[in-house]
Structures are given as structure tokens and as C-alpha cells.
1. From the list Leu190, Leu170, Leu198, Leu174, which residue is of a type in the set (A, V, I, L, M) and under 23 Å from Leu11 (Cβ atoms)?
2. Which count do you get for residues in region 212-246 that are closer than 17 Å to Thr61 by Cα and part of a loop (DSSP other than H, G, I, E, B)?
3. Of all residues being out of contact with any Lys or Arg (no Cβ under 6 Å at 6 or more places or on another chain) and surrounded by 17 or more Cβ atoms within 10 Å (Cβ to Cβ) in region 114-130, which is modelled with the lowest pLDDT? Just the residue, please.
4. Scan region 108-142 residue by residue and report those that are among the β-branched types (Val, Ile, Thr), outside any helix (DSSP H, G or I) and over 19 Å from Gly83 (Cα atoms).
5. Determine whether region 192-200 contains at least one residue that is crowded, with 18+ Cβ neighbours inside 10 Å, among the aliphatic types (A, V, I, L, M) and either outside any loop (DSSP other than H, G, I, E, B) or in contact with a Gly (Cβ under 7 Å, 6 or more places away or on another chain) (or both).
6. Considering each residue of region 155-191, count those that are more than 18 Å from Val227 (Cβ to Cβ) and in a loop (DSSP other than H, G, I, E, B), and give that number.
7. Cβ-Cβ distance below 9 Å, separation of 6 or more or different chains: which pairs start in region 11-34 with a residue that is in contact (Cβ under 8 Å) with a residue 60 or more places away in the chain and end on one that is part of a loop (DSSP other than H, G, I, E, B) and surrounded by fewer than 16 Cβ atoms within 10 Å (Cβ to Cβ)?
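The values are calculated or read from the model by the stated rules, or taken from the named source; none is laboratory data. Treat the numbers as computed from the prediction; the structure is a model and nothing was measured. When we count neighbours, we look across all protein chains shown, and the Cβ atoms used for this are built from the backbone with ideal geometry, even at glycine.
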Amino acid sequence: MRKFGLIGYPLSHSFSKKYFTNKFEKEEINDTQYELFPLTSISELPKLLSDNPDLVGLNVTIPYKEQVIPYLDTIDPKAEAIGAVNTIKIEGGKLTGYNTDYHGFKDSLTKFIGPNPTPKKALILGTGGASKAVKAALEDLSIEYQLVSREPVEGELSYESIASSPNHLLSSLLIVNTTPLGMSPNEDSLPALPYEQLTTDHLLYDLVYNPTKTTFMQKGIDAKCWVKNGLEMLHGQAEKSWEIWNK
């Protein structure tokens, strides 16, 4: 039995097990299983590995995409440059880290923009591990960006500064939410933006995919913006993970 799984905390929102279980059944991939491993601390990872010697691949989600790096034996150069890992290949007792969020987001965003003009500027809401993959994708697509944080450091914006200066929102037509705000079961939460400043030219991309329509997205819909959730990104990064695990 080849075993795969997802580590993070909490994991009640995750669709990953359902996605891979359906994939295994549909494609008649036998002797495989995908499980959820909620870890209250990343320090529990070594015990998880020793208790499950048949594990050959892991996905990593909030809040461990950065914290997991010291536990790896090697790291893919792209993931190292991004500074976050969401996929681990386990081979010969060695752990190699990769970032497939980058691929999933970049491909999904390109489809989202479609034939429309590529936005020149973007706001990235949140500064965690997921935001690092988004940053790398935007850089490769030549889209300028600014990070927005509740506790900004130098070079980052605060939510208060966006509310007090309409220019930030009006000049950044792409807004990407990389925070867990709005994720089930806390579906009423959303980033603190001046949503009344949104225009029909704005594109709102929410990495959250459960629920499929977040409160953040609904604010965009109310303003007649283009909106998209993170489900396509999830599928894209999952397929890239599967490719890496089976190289």
C-alpha cells in the first residue's frame, strides 16, 4: 500500500482527501490511499513518519508551509526561492520539499485573466506561506504587487492604509486573498477592505475554496467584479504533486 496524506491544522475544511480518493477510483489506481493528518505542531511530523512507514508523499497546508522546511533533507530550487513548501516526496527515508501551489495558482490565474488585459498591479492579502507562491507567480507574469498585512513590516501595507487612500485599491485591479479568512466554518469573516471602492474592472481571486463562494467573493459579485475561488488551483497543485510523487 502506497500512502499519501495532508498535514496542517485544522483540516476540517480540506477537499484534498476527497479529490485524491476520487482520482484513485476513477483512474483505477490501486493499492493507494490518501489520509488527513492534523498536526497541532509541526514537531509532531517525525512521529507521524515513524508511525506510518508506508508514507511516500505529503501535502502541506496552513500553517506549516514555512515551518516544515527545517525538517526536510533537500528542497527543490524553486521551492527554496519561494520560501515555502506544500509538497513532500518521501523516498529512501529522505524528505524532499517542493512548491506546487506556484504551478496551480499561476495556471489558474492565467485562465482567469483569459483574453482580458493583464492587470499591471495587484494586492496580495496575507503574508503566510501561500502568499509566497502567489508572489513568485505574479513576478513571473510581470505583475507588480504589494503585500497587505494586519501587522505590516517595511514595504507592506496595512488594511487601514488601504481604507484611508483610495489610490491603493483603484490602481491595483487584481486582489488575491491568501489568508484563511472566510474559510469554513468561519464563513462570515473577510479581509478588512473598503469594498465600496471596487469597480467592474477589478478581479478578485480567493485561494479559499470551501465554501465555493466566500464573503470576500460575494463583495466582488455585488460590485460586479470578476471573481474566482481556489478550487482550480487546488486541483492544479494536486496534479503537480501527483506528478512529483510518481517521477
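1. Leu190
2. Matching residues across region 212-246 total 2.
3. So, considering only residues that are out of contact with any Lys or Arg (no Cβ under 6 Å at 6 or more places or on another chain) and surrounded by 17 or more Cβ atoms within 10 Å (Cβ to Cβ), the one modelled with the lowest pLDDT is Ala130.
4. Thr118
5. Looking for residues that are crowded, with 18+ Cβ neighbours inside 10 Å, among the aliphatic types (A, V, I, L, M) and either outside any loop (DSSP other than H, G, I, E, B) or in contact with a Gly (Cβ under 7 Å, 6 or more places away or on another chain) (or both), one finds at least one in region 192-200, hence yes.
6. Qualifying residue count, region 155-191: 5.
7. Ser12/Ser184; Ser12/Pro185; His13/Ser184; His13/Pro185; Lys23/Ile29
Table: residues versus (1) in contact with a helix residue (DSSP H, G or I) (Cβ under 8 Å, 6 or more places away or on another chain); (2) farther than 22 Å from Thr179 by Cα.
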site	(1), (2)
Pro63	yes, no
Ile69	no, no
Leu72	no, yes
Ala81	yes, no
Lys89	yes, yes
Tyr98	yes, no
